[in-house]
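First the structure, in the form of structure tokens, and then the observations on it.
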Amino acid sequence: MIKLTINGKLVQADEGDMLLTVIRREGIDVPSQCHHQAVEPSGACRLCMVEITRQEWDGWSKFVTSCLYPVEDGLIVTTHSAKVIQLRKTIIDLYLARHPNSTEIMRLASEYGITRTTYETVVDGDDCIMCGLCTRICAHMGFSAISTVGRGHDKEIAPPLKEAPTDCTGCLSCANNCPTNFIEFTRDSNSLTIWGRTFETLACSQCGKATITREFAEHLSKTRDIPIAYFEVCDDCHRKETAKTMGRVVNWTREVQA
Amino acid sequence: MNFRFVVNPEVCTGCRTCELACAFAHPHDSKPGKSRIYPIDGGFKELWVPVTCLQCDDAACVKSCLVDALKRNPVTGAIELNREMCVMCMACVAACPFGCALLDPGQDAVVKCDLCGGDPVCAHFCPTKALSYVPIKKKDRIAG
Ligand code: SF4
Ligand code: SF4
Ligand code: FES
């Protein structure tokens with residue numbers, strides 16, 4: 001058990017816990033864009049910066065990305081000191097210049113009282129903040145269908161050779177977790193298109209509702225040993241079927257007892 | 001695991017009190033959440049079946065989750081969904097053969113029965129005791 005102080009309060013944490021996790025557990029709101037519990041932290045967005053010090057540092061302190069910093073005994077953490085807020089504002093200011101049309105960045109900026117950037121706005125700047133959360137999640141799920149391509153200013157997230165990715169299953173986890181909602185996909189009654197590839201969605205054999213793509217269902221069935229038939233009926237119809245099956249059993253016992 | 005959630009459709013009247021209790025027991029933004037239990041027409045006269053998660057031993061939802069967001073709570077026996085870990089891939093929703101992993105559109109999250117952390121609220125409110133949470137007799141207990 002590790003004991004540390006966060007905003008003046010003594011808190012306990014487990015060895016190996018990252019600061020951000022403990023801060024959040026305490027109900028303290030520190031912004032973050034590139035963090036997700038499902039994957040290893042990467043420290044890409046810099047928004048989760050906090051100020052740390054120790055008794056023996058004699059008033060000296062430093063800034064660390066809390067998502068990447070493991071808890072230590074005796075650490076004194078401040079999440080909203082004037083210096084941290086100033087630093088966070090500078091980072092947000094830069095994001096605002098680079099991604100002037102991102103509603104998520106605008107929301108964050110307004111939360112910190114920033115209405116316009118003090119830097120030069122990038123014309124036609126897109127909403128991808130290059131945090132790499134999508135690629136980390138995709139890799140963690142075992143697909144690695146997308147990655148960072150290009151260099152410097154031309155850096156972007158894309159499938160290999162920018163072609164329709166063969167390893168993608170259309171699970172949408174990249175798009176669903178993109179902090180700025182940049183990853184686009186389209187969906188119609190029986191298909192879904194993401195990263196330039198179109199997938200057939202698996203329609204319920206009873207009502208036609210689709211939950212996931214056939215490719216994703218087949219992948220799960222194969223690698224996770226789940227009968228493909230499970231995926232061929234949607235959750236609503238599965239519940240109805242369950243009621244009917246149990247209903248038959250109950251009715252049978254009723255008749256036997258009568 | 002010393003208790004077991006028991007569903008007895010014979011006495012269910014389809015009053016949907018459990019559904020309401022569940023929604024109120026799982027609120028978000030101080031609004032009721034999506035219920036994880038549904039009394040559904042069993043296909044015969046006056047026959048209702050409260051359909052909810054069976055906390056399967058070899059659960060399809062757990063197997064389908066590629067990020068290990070679904071784990072069994074060793075104390076309550078419930079398979080719990082860790083929202084912080086979930087990446088919203090819908091695999092479990094699609095995989096459960098009883099339709100008991102659900103999308104809660106109101107909070108844009110996947111939800112399932114968690115046995116309310118070991119004291120299922122629905123069982124308290126069921127007026128006919130069609131739902132109950134009962135101690136497991138020693139001899140029926142699985143080792144441990
Ligand atoms: S939709 Fe494709 S690219 Fe996105 S996380 Fe799933 S497999 Fe990876
Ligand atoms: S929706 Fe969430 S809990 Fe369900 S399989 Fe996907 S990541 Fe796991
Ligand atoms: S959340 Fe820590 S750097 Fe992005």
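The values are calculated or read from the model by the stated rules, or taken from the named source; none is laboratory data. Fair warning: this is a prediction, and the values are worked out from it, not measured in the lab. No Cβ is skipped: glycine too gets one built from the backbone with ideal geometry, and neighbour counts run over all protein chains shown. Surface areas here come from the heavy atoms of the whole protein model, side chains and all, with no ligands, DNA or RNA. Shrake-Rupley method; radii C 1.70, N 1.55, O 1.52, S 1.80 Å.
Here's the yes/no breakdown for (1) within 16 Å of ligand 3 (Cβ to nearest atom); (2) at negative phi; (3) under 23 Å from the mean Cα position of the chain (by Cα):
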{"residue": "A:A158", "(1), (2), (3)": "no, yes, yes"}
{"residue": "A:F182", "(1), (2), (3)": "yes, yes, yes"}
{"residue": "A:W195", "(1), (2), (3)": "no, no, yes"}
{"residue": "A:K222", "(1), (2), (3)": "no, yes, no"}
{"residue": "A:H238", "(1), (2), (3)": "no, yes, no"}
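Quick check: is even one residue across the range A:176-183 at pLDDT below 95 and under 29 Å from B:I37 (Cα atoms)? Walk me through how you get there before you give the answer.
Of all residues in the range A:176-183, those at pLDDT below 95 come to none.
No, the range A:176-183 contains no residue that is at pLDDT below 95 and under 29 Å from B:I37 (Cα atoms).
Step by step: first the residues of the range A:12-24, then only those that are within 14 Å of another protein chain (Cβ to nearest Cβ) and not β-branched (V, I, T), then the one that is nearest to B:R83 (Cα to Cα). Which residue is that?
Step one: filter the range A:12-24 for residues within 14 Å of another protein chain (Cβ to nearest Cβ), giving A:17-18, A:20-24.
Next cut, not β-branched (V, I, T) only: A:17-18, A:20, A:24.
Working: A:D17: 18, A:M18: 18, A:L20: 16, A:R24: 14 Å.
Residue satisfying both the conditions and the ranking: A:R24.
Please work out if B:F125 is open to solvent by 40 Å² or more (accessible area, probe 1.4 Å) and either facing chain A (nearest Cβ under 7 Å) or under 21 Å from A:T201 (Cβ atoms) (or both).
Numbers: open to solvent by 40 Å² or more (accessible area, probe 1.4 Å): yes; either facing chain A (nearest Cβ under 7 Å) or under 21 Å from A:T201 (Cβ atoms) (or both): no.
Criteria not met by B:F125.
When you go through A:T115, A:T90 one by one, which is the residue that is over 27 Å from B:C86 (Cα atoms), open to solvent by 30 Å² or more (accessible area, probe 1.4 Å) and in a loop (DSSP other than H, G, I, E, B)?
Numbers: A:T90 fails: in a loop (DSSP other than H, G, I, E, B).
Answer to the check: A:T115.
Looking at B:Q55, B:Q107, can you tell me which residue is open to solvent by 30 Å² or more (accessible area, probe 1.4 Å) and touching a strand residue (DSSP E or B) at 6+ places or on another chain (Cβ under 6 Å)? Give the steps one after another, and end with the answer.
Working: B:Q55 fails: open to solvent by 30 Å² or more (accessible area, probe 1.4 Å).
Result: B:Q107 is the single residue among B:Q55, B:Q107 that is open to solvent by 30 Å² or more (accessible area, probe 1.4 Å) and touching a strand residue (DSSP E or B) at 6+ places or on another chain (Cβ under 6 Å).
The conditions are (1) more than 21 Å from B:M90 (Cα to Cα); (2) open to solvent by 20 Å² or more (accessible area, probe 1.4 Å), and A:A158 fails exactly one of them. Which is it?
(2) is the only condition that A:A158 fails.
Out of A:T193, A:T213, A:T198, A:T223, I need the residue that is open to solvent by 20 Å² or more (accessible area, probe 1.4 Å), modelled with pLDDT of 95 or more and at the interface with chain B (Cβ under 10 Å from one of its Cβ atoms). Which one? Before you say what the answer is, go through the steps one by one.
Details: A:T193 fails: at the interface with chain B (Cβ under 10 Å from one of its Cβ atoms); A:T213 fails: open to solvent by 20 Å² or more (accessible area, probe 1.4 Å); A:T198 fails: at the interface with chain B (Cβ under 10 Å from one of its Cβ atoms).
It is A:T223.
Considering only residues of the range B:77-104 that are open to solvent by 50 Å² or more (accessible area, probe 1.4 Å) and under 21 Å from A:Q37 (Cα atoms), which is farthest from ligand 1 (Cβ to nearest atom)?
Filtering the range B:77-104 for residues that are open to solvent by 50 Å² or more (accessible area, probe 1.4 Å) and under 21 Å from A:Q37 (Cα atoms), the one farthest from ligand 1 (Cβ to nearest atom) comes out as B:E80.
Looking only at the range A:47-68, filter to residues that are in contact (Cβ under 8 Å) with a residue 40 or more places away in the chain and surrounded by fewer than 20 Cβ atoms within 10 Å (Cβ to Cβ); which one of those is nearest to ligand 2 (Cβ to nearest atom)?
The residue in question is A:L68.
Within the range A:167-174, does at least one residue satisfy the condition of being within 14 Å of another protein chain (Cβ to nearest Cβ), on the phi < 0 side of the Ramachandran plot and open to solvent by 40 Å² or more (accessible area, probe 1.4 Å)? It would help to see each step written out before you state the result.
At the first step, the residues of the range A:167-174 found to be within 14 Å of another protein chain (Cβ to nearest Cβ) are A:167-174.
Now drop any that are not on the phi < 0 side of the Ramachandran plot, which leaves A:167-169, A:171, A:173-174.
Checking the rest, the ones that are also open to solvent by 40 Å² or more (accessible area, probe 1.4 Å) come to A:167.
Yes, because at least one residue in the range A:167-174 is within 14 Å of another protein chain (Cβ to nearest Cβ), on the phi < 0 side of the Ramachandran plot and open to solvent by 40 Å² or more (accessible area, probe 1.4 Å).
Wholly within the range B:1-112, which helices (runs of 4 or more DSSP H) include no fewer than the required count, namely at least 2 residues that are within 14 Å of chain A (Cβ to nearest Cβ) and under 30 Å from A:A139 (Cα atoms)? Can you show your working first?
Values: elements: B:17-25, B:60-64, B:91-95.
Helices (runs of 4 or more DSSP H) meeting the threshold: B:60-64, B:91-95.
Checking the condition without any contact (Cβ under 8 Å) to a residue 60 or more places away in the chain, part of a loop (DSSP other than H, G, I, E, B) and farther than 23 Å from A:M130 by Cα, which residue from A:E72, A:E15 passes? So that I can check it myself, show each step before the final result.
On the way: A:E72 fails: without any contact (Cβ under 8 Å) to a residue 60 or more places away in the chain.
Being without any contact (Cβ under 8 Å) to a residue 60 or more places away in the chain, part of a loop (DSSP other than H, G, I, E, B) and farther than 23 Å from A:M130 by Cα holds for just one of A:E72, A:E15, which is A:E15.
Would you please name the residue that is nearest to A:N177 (Cα to Cα), looking only at residues in the range A:25-36 that are in a loop (DSSP other than H, G, I, E, B), away from ligand 1 (no atom under 16 Å from the Cβ) and within 13 Å of chain B (Cβ to nearest Cβ)?
Taking the range A:25-36 as the starting set, the residues that turn out to be in a loop (DSSP other than H, G, I, E, B) are A:26-36.
Those still in the list that are away from ligand 1 (no atom under 16 Å from the Cβ) too: A:26-33, A:35.
Adding the requirement that they be within 13 Å of chain B (Cβ to nearest Cβ) leaves A:32, A:35.
Numbers: A:S32: 13, A:H35: 10 Å.
Looking at residues that are in a loop (DSSP other than H, G, I, E, B), away from ligand 1 (no atom under 16 Å from the Cβ) and within 13 Å of chain B (Cβ to nearest Cβ), I get A:H35.
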